[in-house]
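The values are calculated or read from the model by the stated rules, or taken from the named source; none is laboratory data. On a predicted model such as this, the values are computed, not experimentally measured, just so you know. Cβ sites come from the backbone with ideal geometry, for glycine too, and all protein chains shown count toward neighbours. Heads up: the accessible areas ignore ligands, DNA and RNA and are worked out on the full protein's heavy atoms, side chains in. Shrake-Rupley method; radii C 1.70, N 1.55, O 1.52, S 1.80 Å.
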Amino acid sequence: MHEYKVVVLGSGGIGKSALMVQFVQGIFVEKYDPTIEDPYRKQVEIDCQQCTLKILDTAGTEQFTVMRDLYMKNALGFAVSYSITILLVRDTEDVPMIFVGNKCDLEDKRVVGKEQGQNLARRWCNCAILGSSAKSKINVNEIVYDLVRQINRKTPMEKKKLKKKSRLLL
């Protein structure tokens, strides 16, 4: 079974944890409780392949930046989430990544236009973008599934098998 380490990034209060709780447990958490760092684990089938997902839901505040280097180094992919009511600008490298315009159930409160989100995703190494809502269960699974597919495209199966065999020899 393949294991994928992914990290969910974004500012505080935009719904990263709500998305991940919805993905892992299938429930919507309405109450905001600032995250320091929450790990999640879930087994899923993606493209007829059993996968174990290790998801790290990160803090959206600057006070926990010390932990950032470690999870950035060890993750295979990143979901960069923003609320459609808040604009997030950031540079990145060519890694599996998806932009998540969360809270799309609040279309009447939209401040960040769809085109702005698409333009931002293009500037960030032309990464994928999805609208989502933890509350309405819109594209919750698709965020992580797309990320795993990107990781698979960037890491050919031969490399994964070689890494696994080399670990067994040690």
Output needed: percent of Cα pairs per 5 Å distance bin for region 2-154, bins running from 0 to the one holding the longest distance.
2, 9, 20, 24, 22, 15, 6, 1, 0
With a Förster distance of 30 angstrom and the Cβ-Cβ distance between R123 and M1, calculated FRET efficiency to the nearest 0.05 equals 0.25
Reported to the nearest 10 Å², R122 has, with a 1.4 Å probe, an accessible area equal to 130 Å²
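Quick one: pull the percent of accessible area on region 2-154 belonging to carbon and sulfur, 1.4 Å probe, ligands and nucleic acids left out. The partial results should precede the final answer.
On the way: 3990 of 8160 Å².
Answer for region 2-154 is 49 percent, counting heavy atoms of protein chains only.
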For region 2-154, what does the relative contact order come out to in percent, with C-alpha contacts under 8 Å and a separation of six or more?
26 percent
